[in-house]
Structure formats: structure tokens, C-alpha cells
Amino acid sequence: MQDWFDVAKKIDSLVLEAAASAGLENSFSSEIRPADPRFGDLQANGALPYAKRNKNNPRQIAQSLVEKLEANPNLTEHADISIAGPGFINFKFKPSFQLAWLSAFRDRESFKSAAKALHAGEKVVVDYGSPNTAKQMHVGHIRSIVIGEAICRLLEFCGAEVVRDNHIGDWGTPYGKLFYAYKRHLDAKALERDPLEELERLYKLGSKLADDAAVLEECRQELVDLQAGKPESMALWETVNKLSIQGLETIYKELDVHYDCYLGESFYRDKVEQVYQELKDNGLSEESKGAVVVFHPEHPRFKEQPFIIRKSDGASNYATTDLATMLYRNEHFKATSIVIVTDDRQKDHFEQLDLTTKKWFEKTRRQMPKFSHVMFGKINGEDGKVIKSRSGDPIRLRQLIDEAVERAAKIVREKNATLPEDEIKHIAEVIGVNAIKYADLSQNRTSDYIFTWEKLLSFEGNTAPYLLYAAARIQSIFRKLDTDQLADLESKATPFETPEEIALANKIIAFVGVLQSTIEQLRPHLLCTYLFELAGAYSSFYSANKVIVSESDVQARRLLLCQRTLVALQSGLGLLGIPTLQRM
Ligand code: ARG
């Protein structure tokens with residue numbers, strides 16, 4: 001069954017084999033896609049374009065393919081084949097095949113060991129989270145964290161080696177003002193209580209005081225000292241950085257996110273000379289108004305809009321460090337892919353970075369890793385504007401999480417008054433935190449989305465509470481049974497019969513294809529939509545088909561479906577960074 005894990009890929013290879021033995025020339029290719037469910041599960045559409053190209057009758061081409069396919073017992077044993085319309089070939093899986101598939105892929109581990117082949121050998125550096133330090137994270141920061149984490153988990157599950165890199169903004173101009181205020185106005189107690197809050201207060205204070213020209217001059221001097229690596233400045237910078245990372249990590253921990261490294265902007269400060277030198281030597285950069293820039297003459301916009309890689313005062317900038325970062329990820333990590341997750345306002349920056357790096361690496365004969373800028377839109381309030389707290393500042397991520405947990409606790413208490421208080425607390429934490437994560441993940445990342453507490457904490461619709469509840473409900477069925485009834489379901493079960501059983505089995509098998517498209521597009525909402533549909537297929541099955549029945553074979557196959565639905569739900573949610581609950 002192993003080679004049937006990815007059913008679409010298997011069918012594709014069988015169609016290509018059939019094309020070869022039917023004597024079609026080797027330019028034949030087919031796209032395997034979901035079929036109209038009335039006629040089949042998968043459809044191959046290769047006959048049409050082939051016939052068009054060769055001025056043949058498509059129906060005849062399809063017919064010749066089907067003849068070969070029908071002569072292949074490895075296929076006919078598993079699927080019924082038919083021709084529809086002008087020459088589409090439909091495949092409908094036999095219930096015995098569905099049962100064999102579900103028997104072979106029984107748990108998360110067996111899914112994972114088959115999925116491993118999909119991205120084996122790849123090494124991906126995922127740059128996500130990546131806030132600027134010495135500041136609280138606000139609500140907008142959640143997107144990069146949760147989308148990035150889901151991407152890491154998906155890639156790892158499919159066999160890639162992943163480096164989780166937090167490219168923090170820990171260098172640059174804000175430090176002058178921050179240091180100025182830190183040395184004069186530090187509240188040590190506040191720093192201990194909440195380092196990020198106090199550092200942010202100091203930075204804001206420093207900025208305000210710098211309205212005064214003399215103070216501004218002192219701030220500049222602080223910055224010059226830091227950039228010159230003066231020991232005293234470096235020591236303070238180390239302290240601030242350490243505290244910042246500590247502050248960030250308390251939130252990452254709650255979100256169940258753990259980085260392999262924090263190679264922030266400061267890490268690259270001694271790696272920029274090589275960038276200037278190589279881009280210049282290879283004729284890629286030029287001087288413009290005192291700055292060093294790269295133009296891309298072939299590009300409609302970037303032929304005029306420069307990528308500034310060195311400021312006119314000689315200092316490096318965001319582009320310089322990012323170029324150095326590309327090089328480091330290529331040489332040190334030997335990354336085959338680089339994924340950077342940020343909001344869509346940085347679109348131009350990363351397009352220019354990609355174009356520039358491609359040319360640079362080509363000239364210097366380096367391998368260019370696959371580069372993806374995974375961008376996302378804004379989170380808006382119900383009025384359609386960026387959400388702000390009452391004071392007009394962006395809402396702190398900390399407050400958002402606390403409020404979610406509080407609201408979830410209220411709901412859980414209302415729904416389930418008899419649960420012990422510590423369990424309510426635990427359930428509320430899981431629901432609260434994960435409802436926020438899921439609300440974000442379930443939106444197509446490139447659009448803005450509207451944040452509403454009611455929607456995100458609702459037990460109905462495409463939400464975390466709904467899916468967690470679906471998983472908990474399945475587990476409650478198992479709790480009522482003894483181990484005997486749950487043993488050897490695979491051998492006791494007979495093939496699926498009712499339309500709901502068949503539809504649910506197909507939905508579970510479809511998990512593999514969804515994994516792939518989610519990774520291909522780096523869009524976690526595709527997996528969310530799938531899980532929501534899976535829970536829907538399960539609930540149609542459960543309300544139309546009694547699970548505990550007198551015929552032991554029927555009961556076995558229905559329990560098997562319950563169990564595999566749970567596996568798919570738990571695995572899918574786990575890939576999104578969401579743990580499930582035993583009960584709710
Ligand atoms: N620190 C940046 C920000 O807050 C994001 C960094 C993303 N990663 C990168 N390599 N540029 O917008």
C-alpha cells in the first residue's frame with residue numbers, strides 16, 4: 001500500500017505508463033485533479049490537450065488509454081475507470097481499496113513515515129517571528145509567528161530539515177535613544193517585572209527627549225559608540241538583547257514556538273563588507289547620490305526604483321543585512337530553500353532582494369536556494385480599521401492572549417459547570433491561545449482579516465473550538481468502549497457501504513494531497529479548510545450511521561472511520577501547532 005499513499009501521484013504514474021504502452025508519444029502528460037464526485041474521485045485530463053496538439057479525436061485517445069489502464073490489475077483492483085465528456089478519465093476508488101488504505105495508514109507515525117519522501121533531502125531556513133527587539137510585540141506580530149511555525153511543522157512532517165531562525169531587529173538607530181534614556185531614567189524594578197515594557201518605555205522617552213538638540217546629539221554619540229564596538233556600549237547592548245529575548249520567549253513558549261537560533265541583524269554587521277565588495281566587483285551595484293544601489297533594468301518598476309544597499313553616510317541598512325543573510329544561509333546552512341514570513345508591506349524589499357541575490361549568486365557561481373517571501377495582510381477590527389487598544393496604541397500580544405484565555409474560561413464554565421476548576425483553566429488556556437492561532441491560520445494569508453472575539457471563540461464554523469470539540473467528541477466514543485471492541489478493527493471491518501462512510505473515507509485519504517498543496521503554496525488555510533470539511537464529513541457520517549450496532553463487522557468499520565478521522569484531525573491540528581484535548 002506504501003506506493004498508494006499519494007493516490008493522485010500513483011494514478012498519474014499509471015496513466016503515464018498506459019500512455020507509453022498505447023504508443024502515445026512521450027510528450028503526453030496529465031493533470032490529476034479531483035473529479036466531479038458524481039462520477040469519480042480523481043480525474044485525468046491529459047487526453048484533451050494531447051489530442052488537440054496532435055489533431056486527434058480526444059475521446060479516441062481516452063479510449064485507448066482506458067483499454068491499457070483496464071488491463072492493469074494493480075489499478076482495476078483498486079478503482080473503477082470511466083470516460084466522461086469529451087475525454088476525461090475518471091477513477092472511482094473501490095471501498096475495499098479505501099479500507100486497505102485506511103488500514104495501512106493507521107496513525108500519525110505511519111502518515112509521517114510515508115510523507116517523509118515528499119521533501120526528503122531539502123533543508124529549509126524559515127525566518128519568522130523576527131520582531132524588532134526592546135519593544136513589546138503587538139497583535140500584528142502574531143501572524144508571522146503562527147504562519148511561520150505551521151510552515152516549519154508541515155515541512156518537517158514531509159521530510160525536510162528545518163532551521164527555525166528568528167531574525168530579530170537587534171541593531172540600528174533606536175539604540176542610541178534607548179541607551180540615552182536607559183542610563184538616566186531606568187526603573188530597575190519595572191525592568192525585572194516586564195523587560196520589554198520597560199525597554200519600550202525608555203525608547204519612547206528617549207525619542208521624546210531627543211526633540212532637544214543637545215540630547216539628540218548625545219543619542220547620536222551613543223549610537224556611534226555602539227557601532228564602533230566600544231566595550232561599555234557593547235555590554236549594555238548585550239544586556240538589553242538578553243532581556244529582550246527573554247521577554248519574547250515567554251510568549252513564544254505560550255504559543256508553543258521554539259527557535260533553533262536568533263541570528264538577528266546584529267549577527268550580520270561584520271558580514272556586510274563582502275556584500276559591498278562582491279556586488280561591486282561583479283558590476284551589479286552602482287553609486288547614486290552618494291549611496292550604493294542596485295537597479296534591475298529588466299523589471300518594470302525596479303529599473304527606476306533602486307535597491308539601496310548602502311546609505312550615503314556609508315552605513316549599512318536592512319537590504320545590506322538581508323543580502324549578507326542570504327549568503328550566510330546559503331554557505332553556512334547549505335539551505336536548499338529560504339522562507340521569510342513578514343507582512344505584505346515588505347513585498348518590494350523581498351522582490352528586490354530575490355532579484356539581486358539571483359544575479360549575485362549566478363555571477364559568483366553559487367547555488368541559488370529557492371526563495372519564498374511568505375507575506376500576509378493586516379488584522380483589522382470590526383470597524384475594518386487596524387485594531388487598536390482604547391489608548392490608540394496597537395494591542396499588545398500579551399493582552400490579546402490573556403483576554404482570549406479569560407473569555408474561553410467563561411465559555412467553558414458555562415458549557416460545563418461540573419468540571420474541576422483546574423481542568424477548566426487548562427481547557428481555557430488551550431482553547432483561548434489556539435482560537436487566536438487558528439483564526440489567523442484559517443484566513444488566506446494574503447488578505448486582511450477582521451478580528452472578532454465572537455467568531456473566533458465560536459463552537460460553530462471554521463474555528464479552533466469547533467475542531468477541538470469534534471476531536472474530543474470522537475475520543476468520548478472510545479472512552480465508553482472496552483479494549484476488546486477497539487482491537488483489530490482492520491481485520492474485523494468489512495468495506496464501506498453507505499454514502500457517508502464512503503465520503504468520509506475519501507476525505508481522510510485526501511489528507512495527503514492537501515498536505516502537498518499547503519506546502520506548495522505555503523498557505524496554511526488550505527489545511528484549515530480541509531480539517532473543517534473533514535469534521536463536516538464526520539458529522540454527516542455520525543448523524544446518518546449508527547456506530548455501535550449489533551453487526552460486529554459494521555461496527556468495526558465505523559469505529560475504524562472514527563479512529564482515522566481522529567488521527568487526521570489530530571495530525572492536521574498538530575501541524576498547525578494546535579494540540580487537541582481529551583475532553584472539553
Ligand atoms: N524585523 C523585521 C520587521 O519587524 C522583519 C525581519 C524579517 N526577516 C528578514 N530577514 N528581513 O519588520
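Laboratory data are not the source of any read-out in this text; all were calculated from the coordinates shown. Bear in mind that the values here come from a model prediction, so they are computed numbers and not experimental data. So basically every Cβ, Gly included, is an ideal-geometry build from the backbone, and we count neighbours across all protein chains shown.
Basic side chains Lys and Arg get +1 at the Cβ, acidic Asp and Glu get -1 at the Cβ, and with that the dipole of the range 1-143 about its Cα centre reaches some 460 debye. Distance from the alpha carbon centroid of the range 185-210 to that of the range 322-346 works out to 32 angstrom.
Note on the chain: helix-only mean residue ellipticity at 222 nm, from DSSP H runs of 4+ residues weighted -39500 (n - 2.57) and normalised by residue number, equals -17500 deg cm²/dmol. Taking the DSSP bridge list for the range 291-375 and keeping only pairs wholly inside it, about 35 percent are antiparallel. Phi angles of the range 512-522 translate, via the Karplus equation with coefficients 6.51, -1.76, 1.60 and θ = phi - 60°, into HN-Hα couplings of 5, x, 5, 3, 5, 5, 4, 6, 4, 9, 6 Hz per residue; Gly and Pro are given as x. Going from the residue with the fewest nearby Cβ atoms within 10 Å to the one with the most, Lys385, Lys358, Lys68 rank Lys385, Lys358, Lys68. Each 20 Å bin, from zero up to the one with the longest distance, holds this percent of the alpha carbon pairs of the chain: 17, 43, 30, 9, 0.
Charge dipole of the range 261-384 (Cα centre as origin; +1 on each Lys and Arg Cβ, -1 on each Asp and Glu Cβ, all else neutral): 420 debye, rounded to the nearest 20. Listed by chain and number, the aspartates and glutamates whose C-alpha is less than 15 Å from the C-alpha of Lys363, apart from same-chain residues fewer than 8 away, are Glu278, Asp281, Asp354. For Phe376, the amide hydrogen comes within under 5 Å of the amide hydrogens of Thr342, Asp343, Asp344, counting only partners 5 or more places away or on other chains and with H modelled in the peptide plane. Considering only Ser207, His141, Ser110, and ranking their Cα positions along the charge dipole of the range 55-208 that arises from unit charges at the beta-carbon of Lys, Arg, Asp and Glu, the one farthest toward the positive end is Ser207.
Checking the table Lys189/Lys347; Lys253/Lys425; Lys280/Lys303; Lys10/Lys334; Lys415/Lys480; Lys94/Lys546 against a 29 Å threshold on Cα-Cα, which pairs fail?
Details: Lys189/Lys347 41 Å; Lys253/Lys425 17 Å; Lys280/Lys303 18 Å; Lys10/Lys334 32 Å; Lys415/Lys480 21 Å; Lys94/Lys546 22 Å.
Long pairs (Cα-Cα over 29 Å): Lys189/Lys347; Lys10/Lys334.
Using Cβ counts within 10 Å as a stand-in for footprinting exposure, how do Asp212, Asp343 rank, fewest first? Mind showing how you got there, number by number?
Working: Asp212 10, Asp343 16.
With the fewest neighbours first, Asp212, Asp343 line up as Asp212, Asp343.
Beta bridges assigned by DSSP with both partners in the chain are antiparallel in approximately 50 percent of cases.
Axis of helix 58-70 versus longest Cα principal axis of the chain: the two differ by about 70°, to the nearest ten degrees. Would you work out if the range 82-166 is rounded, prolate or oblate? Take a ≥ b ≥ c from the square roots of the eigenvalues of the alpha-carbon gyration tensor; rounded if a/c is under 1.5, else prolate when a/b is larger than b/c, oblate otherwise. Prolate. Relative to one another, the C-alpha centroids of the range 96-146 and the range 527-584 are positioned 21 Å apart. Compared with the dominant principal axis of the Cα atoms in the chain, helix 231-254 is inclined by about 30°. The dipole here belongs to the chain: it is taken about the Cα centre, uses +1 on the Cβ of Lys and Arg and -1 on the Cβ of Asp and Glu, and is about 740 debye.
What is the order of His426, His373, fewest Cβ neighbours within 10 Å to most?
Values: His426 14, His373 19.
The most exposed by this proxy come first: His426, His373.
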